[in-house]
1. Count, for each residue of A:40-53, the Cβ atoms from other chains sitting within 10 Å of its Cβ, then give me the mean as a whole number.
2. Using a 10 Å cut-off around each Cβ, can you sort A:Cys178, A:Cys81 from fewest to most neighbouring Cβ atoms?
3. For chain B, what is the relative contact order in percent, using Cα pairs closer than 8 Å and at least 6 residues apart in sequence?
4. Taking only complete DSSP H runs, can you tell me which helices of chain A stretch 18 Å or more along their own long axis by Cα positions and average at least -1.0 on the Kyte-Doolittle scale?
5. Suppose each label sits 7 Å from its Cα in the direction of the beta carbon; what would the A:Phe49-B:Thr242 distance come out to in nanometres?
6. For the residues A:Tyr146, A:Tyr136, what sequence is obtained by ranking on other C-beta atoms within 10 Å, fewest first?
7. When Cβ neighbours within 10 Å are restricted to other protein chains, what is their mean count per residue of peptide A:213-224?
8. If the chain between B:Trp229 and B:Val131 were fully stretched, how many nm would it gain, using 0.36 nm times the residue separation less the Cα-Cα distance?
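Coordinate-derived values only; no laboratory data. Owing to the predicted nature of the structure, the values given are computational and were not obtained by experimental measurement. Because the Cβ atoms are built from the backbone with ideal geometry, glycine has one as well, and the counts that use them run over all protein chains shown.
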Amino acid sequence: MRRIGRTTRGRLWGAVAVALALVWAFPAYWILNGALQPIEALRAPTPSFVPTDLTLDAFGRVLDGEFFASLRLSLSVTLICVALAVVCAFVAAVAISRFRFRGRVSFIIVVLTIQMIPPEALFISQYRMLNDWNLYNTIAGLSLLYVAAVLPFTVWLLRGFVDGVPVELEEAAMVDGCSRFRAFFTITFPLLAPGLIASGVFAFLQAWNEYTLAVVVMEPDNRTLPLWLRGMTTVSNQAIDWPAVMAGSVLVAVPVIVFFMIVQTKMTQGLVSGAVKG
Amino acid sequence: MTDQETARVPLTPTPVTAPDRRRRRRRGGLGGYWLLLPAIAVLLIGEGYPLVRQVIMSFQEFGRAQQFGAPPEWIGLDNYRALFTDSQMWGVVVRSLVFCAVNVALTMVIGTTFALIMLRAPRVPRVVLQVSMLLCWAMPVIAAMTAWQWLFDSRYGLINWTLTNLGLGDFTRHNWLIEPLSFYLVATVIVVWMSVPFVAFTAYAALTQVPEDALEAGQIDGANAWQRWRFIIYPSIRPALTIVLMLQIVWDLRVFAQIHYLQGVGGVPSETHLLGTYIYTLGVGQSEYGMASAFALFVLVLTLVLTARYVHALLKAETV
């Protein structure tokens, strides 16, 4: 009797879970649905809930010169940001994990505090600074702000990974005659690969999706992908080409979703173990 | 950096293995300093210098003369005085606080409820819900905004069509963004939708740590569902929820991307500013760098006060 009661209750919760999943995923479905339809279907008085006449026309309309210019800009800024952030954060993480020196704890506190500063609290003076240095509306200027913005978290993330490799492994290699430098690079470094990938992906996601700073320090003729996407929707209501906008959203979102799935588990686990202990 | 709260999750990674807590560290030498140099340089140029400069600018006047090249004039605390006696600024602050409170409350309640549902649902539906949450969490903020803009569109939007066809009134060509209250309703739907997955995943992970025997003991003692939640489950997930709550407060105070986007596609900016967009308009729009800097510092201090506890908890949790 009791068993039956339990399974029905489980089924009920299951049904609720699926219903909520559908509601929450709906905007994502709506993007895909819109991207695959001809524009006439979307302007019909009744919305079409499934793409009946599938077409890739919208993607054709969206893959124009402007898109590729924005793609190039976004890729440049993102790659610079990933490369610099990973290298700087890696050496800094080694320093705070493997060395003990004066000011070490202060550095960690500063890093954690900077991580909390929202871009809105600094972007006016960053905008003025880039103006004065002739870096306004340049790849270099935007990348500089991005590297500085992602660095605190990447340092903190990598520090955890370096801490996770026992020093004893290196010391054993040193006893066998390796130099400290060589011991680190042959023993510890390969074990840090997952950490380097996670922090690189994190920097990628931030730079690729970033909107606020790009609005502030880039001109409208020099847009990263999020601003390009937004540019398509600010024309007058009648003229918005919704299938094209949705196709653009698909193009911007797919790489992000793929990368996000790769690192997600690691990040959530991290927060909880930190939180529960505190 | 973006409002994409989602990805910018300041979490602590789990150490790969449980290391010997009394790790030996190399002492002496300048090696540590050399390795820190690149990171310190980047942070000084990208964040430190702008911060100092912003403090200086907040004591300066940037008027018409400065636009023609005159050096900025020192005016002491005038910017702060002007700011704190300005009713528009207080309007923005109050609106931001209310918006933040409503959004955080909704996000926390819905997110925790989702986590409880995940815990009770059988395996397959649970995974379906988790995949859906993950998809929504991963979605770039502007891509999601386009979908919501279209859903709420006055002419081709699904929401107007649905409401009209359900007989809830005539919503044909109803504009959701023109009225400030309705504008904030749309913004709230979007922000809550985006923020729930993070809360749900964190709360779910914490819920799976709740000791099974405590729950069983409660059941044997005849505790009902509410009592089990109140006296067993809630106390053990509270530390995780507190941190999530604090991060949500900080994130929902600013929400620049969502508000700026909605203002650009139909909202009335002067009536819908929150902290971030107000600083932007003051500074970049009106070249009032002094006032904008003073206000930005106010937001900065507010954020740091709100997050001090989190930073403290992180430091305490990890053996630094």
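1. What the average comes to for A:40-53 is 1.
2. Details: A:Cys178 17, A:Cys81 27.
Fewest to most other Cβ atoms nearby, the residues stand as A:Cys178, A:Cys81.
3. Values: 292 pairs, mean separation 86.6, N = 320.
Computed value for chain B: 27 percent relative contact order.
4. Details: long enough: A:2-35 (49 Å, 0.52); A:65-98 (49 Å, 1.84); A:104-116 (19 Å, 1.93); A:139-164 (36 Å, 1.56); A:193-209 (24 Å, 1.06); A:242-277 (48 Å, 1.38).
Both cut-offs are met by A:2-35, A:65-98, A:104-116, A:139-164, A:193-209, A:242-277.
5. 4.6
6. On the way: A:Tyr146 26, A:Tyr136 17.
The most exposed by this proxy come first: A:Tyr136, A:Tyr146.
7. Details: counts 3, 3, 7, 5, 1, 0, 0, 0, 0, 0, 0, 1.
Going residue by residue through A:213-224 and averaging, the value is 2.
8. Numbers: separation 98, 0.36 × 98 = 35.28 nm, distance 2.60 nm.
In short, 32.7 nm is gained.
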